[in-house]
Amino acid sequence: MRVISTTESVCPVCLARLPARRVIQGEDVYLCKTCPEHGDFKTILWRGPPAYTGWARPKIPAYPATPFTDTQRGCPFDCGLCADHRQQTCTALLEVTQRCDLRCAYCFASAGESVLHQPDPALNQIENWYRRLLDTGGPYNLQLSGGEPTLRDDLPDIIALGRSLGFQFIQLNTNGMRLARDAGYVKRLKEAGLASVFLQFDGTNDHILEAMRGVKQLERKRAAIAHCADNNLGVVLVSTLVPGVNTSNIGAIIEFALSMFPTIRGVHFQPISYFGRYPEPPLDANRITIPELMRAIAAQTRGLIEVENFTTSGCENALCSLHGNFVVMPDGALRPWTNQGQQQKASCCAPQPAAAGAAKTRQFVAQHWGAGQNVVPINSIGVSAFGDWEVFLARAKTHTFCISGMAFQDAWNLDLDRLRDCCIHTVSPDGRIIPFCAYNLTDQAGRALYRVASP
């Protein structure tokens, strides 16, 4: 074992800030730290190729133009954002309810547990959140989340308000249950200005969905997608990945998404993070890392997609994510327009400005995750006398399919260097703007650092 770099983290038991080491053993990388009171912790960060050391991309920090909190105790205790945060907002999450109509085994928000104690925020409070984001330099891309946002009958009013204030890309994070049964509601969401649906989709069979979400619901997922198609709403499938539950279904999820392209614009994978009560540290065997996800995609799509087709983002910390962008060709083949060679070339040059990365990501998501002019008949561009290259360039404007992944952090694997680079921010009830992993961070007893617990 060899120390390759140092950072800071927290103790999973007491959340005290600790020095931490990134340690390499063979091709695997671990985060190691010691709490004087609670002992040693070692957690897997990266398994196998591509190499951890070659994945990073240097960036020039983009500090908040208008920090709302003072730096007193240091990261991660001064979020708001504080002046030391190194990336501006790309996507802002607003939790418009804590109510939910499912009781999922895996949930960032522990939604539904505190319904009686947390009434839905009023429309004027949500307007204050919108204006708070504008004060920081917005408008940014927005994701309306919860809880299950579609339990609010006035969700179209919330979307319309955001659009009236200048937020052009608003996405709905949903389990899809109401979208499946209420076509009229979907139409109202579209008419209000909804751009995209971030649809919970953890597997292609009801055995997986019941294990993950407590109910069989595949046909309801199909109905939700159909209603989105009827209303020209782009859909991105979002899959929480749990080893031993649905990690063998990754290729099938991508195949399902492609079968419903162009309504489904892509798939976003989220390897499981351990928020909430975990009296015993999660086993490394119960985690899937970024390189494992890339290799699983390549293996399970049988050559349709290769590991080399993926790169990292210029927005968040390079070690947080992966993405691959593909053009769907007339014969159904995927032609990549991202590759690791581009990333390595960029990494050898001058560091990229983080602010430019955030702006580029906002623009890309708004263009390719939504619908509008991008959703056109699959055969609208056919063969060309000038060959596949012209077809590729023409279809890149309308037939882009995106595969991405985000490795959220918990108290065991939290790396404060990564956290300071976060560009996905949650607006807290009191108007603070908090990096997603900090907002959801809990100790092993389930006590949160920022998320408000029920009385």
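Numbers for the structure displayed
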item	result
³J(HN,Hα), Karplus 6.51/-1.76/1.60, whole Hz, each residue of the range 269-276, x for Gly, Pro	9, 10, x, 4, 10, 10, 9, x
Cut-off under 5 Å, modelled amide H: who pairs with A83 long-range	T69, T71
Whole-Hz couplings from phi, Karplus 6.51/-1.76/1.60, listed for the range 157-167; x for Gly and Pro	5, 5, 5, 4, 4, x, 5, 5, 8, x, 7
Distant-in-sequence amide H partners of L45 (H built 1.01 Å from N, under 5 Å)	V29, Y30, L31
Ordering of 324-335, 403-414, 440-451 by burial proxy (mean other Cβ atoms within 10 Å per residue, highest first)	403-414, 440-451, 324-335
Dipole-positive endmost among L199, T97, P12 within the chain (Cβ charges, Cα centre)	L199
Using θ = phi - 60° and Karplus 6.51 cos²θ - 1.76 cosθ + 1.60, couplings along the range 198-208 (whole Hz; Gly, Pro as x)	9, 9, 4, 7, 9, x, 9, 9, 5, 4, 5
Prolate/oblate/rounded label for the range 148-270 (Cα gyration tensor, a/c 1.5)	prolate
Gain on full stretching of the segment that runs from A105 to S164 - 0.36 nm per residue minus C-alpha separation	17.6 nm
Nonlocal amide H pairs with D410, under 5 Å, H built at 1.01 Å	Y274
Per-peptide average of other Cβ atoms within 10 Å, ordering 419-428, 62-71, 38-47 highest first	419-428, 38-47, 62-71
Cα-centre dipole for the chain with unit charges at Cβ (Lys and Arg positive, Asp and Glu negative), debye to 20	420
Pairwise Lys count, the range 9-440 - Cα closer than 24 Å, eight or more residues apart or different chains	8
R73 versus K360: modelled label distance in nm, points set 7 Å from Cα along the beta carbon direction	3.6
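Laboratory data are not the source of any read-out in this text; all were calculated from the coordinates shown. Only a predicted model underlies this, so the values are computations on that prediction, with no experimental measurement involved. Here Cβ is always computed from backbone atoms with ideal geometry, including for glycine, and neighbour counts include all displayed protein chains.
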